[in-house]
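Notes for the one structure printed next.
Nothing in this text is a laboratory measurement; each read-out follows from the coordinates by a stated rule. Since this is a predicted model, take the numbers as computed values, not measurements. Please note: Cβ atoms are built from the backbone with ideal geometry, for glycine as well, and neighbour counts cover all protein chains shown.
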Amino acid sequence: MRFCLMVEGQEGITWEQWLALSDACERFGFEGLFTSDHYFSVMGAAGRGSSDAWTALAAVAARTERLRLGTLVSPVTFRLPTVLAKVATTVDHISGGRVEIGMGAGWWD
């Protein structure tokens with residue numbers, strides 16, 4: 001059985017927590033680490049920090065060796081297709097080909 005972890009990056013997770021999660025996922029044999037792609041808290045907590053999904057994935061890609069990485073999902077309503085393709089390709093290159101991109105209509109932002 002394969003396990004992945006999905007993180008709500010817009011809900012106040014810090015860089016230190018991101019990196020600790022990626023280290024733990026790799027150490028404990030998780031298949032992948034994925035994140036939602038929102039600009040704002042979906043819980044209505046305006047004071048929470050919101051990390052950019054693809055920037056966070058780039059940092060995790062540089063730090064890890066085997067985790068599959070990606071978004072669940074990147075909304076096409078605010079991610080320009082050409083820019084998203086360039087960003088995802090860059091993160092895929094950094095990761096050595098471990099990116100899985102999820103795209104959808106979006107619903108919150």
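Just a few scattered comments:
- Pairwise Cα distances in region 48-87 exceed 16 Å in 42 percent of cases.
- Stretchable slack from Val83 to Thr55, in nm (0.36 nm times residue separation minus alpha-carbon distance): 8.8 nm
- For the chain: rounded, prolate or oblate by the Cα gyration tensor [a/c cutoff 1.5]: oblate
- Label-to-label distance, nm, for residues given as Met43 and Arg2 (7 Å Cα→Cβ offset): 2.9
- Computed from label points 7 Å out along Cα-Cβ, the spacing between Glu100 and Ala62 is 2.5 nm.
- Normalising the average separation of contacting C-alpha pairs (under 8 angstrom, six or more residues apart) by the number of residues puts the relative contact order of the chain at 28 percent.
- Trypsin sites (Lys or Arg not before Pro) within region 1-87, DSSP loop, no more than 10 other Cβ atoms inside 10 Å: Arg2
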